[in-house]
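In what follows, a single structure is set out as structure tokens and then discussed.
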Amino acid sequence: MFKRIMIALDNNKVSQLALKTAIDFAKNQKAILCIIHAIDYSSLVMSGEGVDFEALRQNTKKEGQGLLQASVLKAKKKGVKAEAKLIEPKKLALSTDIAGLVINTSKKWRANLLVIGTHAYSGVSRFVLGSLTDEVMQQSSIPLLIIRQKKK
């Protein structure tokens with residue numbers, strides 16, 4: 001049923017759990033897996049004067065590419081056909097619509113399932129930190145598989 005599975009990945013524990021789930025699911029479905037990582041440069045913009053933005057941007061991009069390469073390798077070791085896409089905003093800005101970047105990429109790639117992890121924050125934490133997963137849920141027409149962080 002699901003032949004084109006996309007996972008939006010970040011460098012945290014819940015994303016690694018989501019990656020494992022996506023790999024297992026893709027293997028079960030005999031699907032191709034597209035692993036994406038969206039870069040948010042807004043924290044770089046707020047770094048202040050005297051900061052070499054280009055060096056920081058290149059370093060952030062390199063870290064994202066490393067995360068993607070390691071993730072594709074994990075998928076291939078499990079026998080899953082996988083590819084990776086690093087998503088960058090078109091310009092440096094104080095605010096980046098990461099959810100929009102994820103959704104647009106999933107549509108262009110013709111994903112029929114989008115896997116995303118969530119920390120399941122609530123209350124003040126959710127208000128302060130926001131929730132990429134909530135934004136994607138509200139905007140996406142593509143079915144979602146949401147992987148929740150395990151309770152401690």
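Nothing in this text is a laboratory measurement; each read-out follows from the coordinates by a stated rule. Keep in mind the model is a prediction, meaning the values are calculated, not measured. For neighbour counting, all protein chains shown are included, and Cβ atoms are generated from backbone atoms with ideal geometry for every residue, glycine included.
Could you put Phe2, Phe53 in order, starting from the residue whose Cβ has the fewest other Cβ atoms within 10 Å? List each step's numbers first, then the result.
Working: Phe2 16, Phe53 12.
Listing Phe2, Phe53 from fewest to most nearby Cβ atoms yields Phe53, Phe2.
Long-range amide H contacts for Ala38: which residues qualify at under 5 Å (H placed 1.01 Å from N, peptide plane, sequence gap of 5 or more or a different chain)?
Amide H neighbours of Ala38, under 5 Å, 5+ apart: Leu9, Ile87.
Report the Cα centroid-to-centroid distance between the range 55-87 and the range 20-38 in angstrom, as an integer.
Centre-to-centre distance over Cα atoms comes out at 13 Å.
Please order Arg110, Arg4 by the number of other Cβ within 10 Å, starting at the fewest. It would help to have the intermediate numbers written out before the result.
Numbers: Arg110 11, Arg4 18.
By the 10 Å Cβ count, ascending, the order reads Arg110, Arg4.
Name the long-range amide H neighbours of Leu145: under 5 Å, sequence gap of 5 or more, or other chain; modelled H, no Pro or chain starts.
For Leu145, the qualifying residues are Leu114, Val115, Ile116.
Spin-label point model (7 Å from Cα, Cβ direction): what's the Leu73 to Leu144 distance in nm?
3.1 nm
With a Förster radius of 25 Å, plug the Cβ-Cβ distance of Asp134 and Asn12 into 1/(1 + (r/R0)^6) and report the FRET value to the nearest 0.05.
Values: r = 17 Å, r/R0 = 0.67.
Here the calculated transfer efficiency is 0.90.
Distance from a point 7 Å along Cα→Cβ of Asp24 to each backbone N in the range 58-75: keep the residues under 19 Å and list them by number.
71-75
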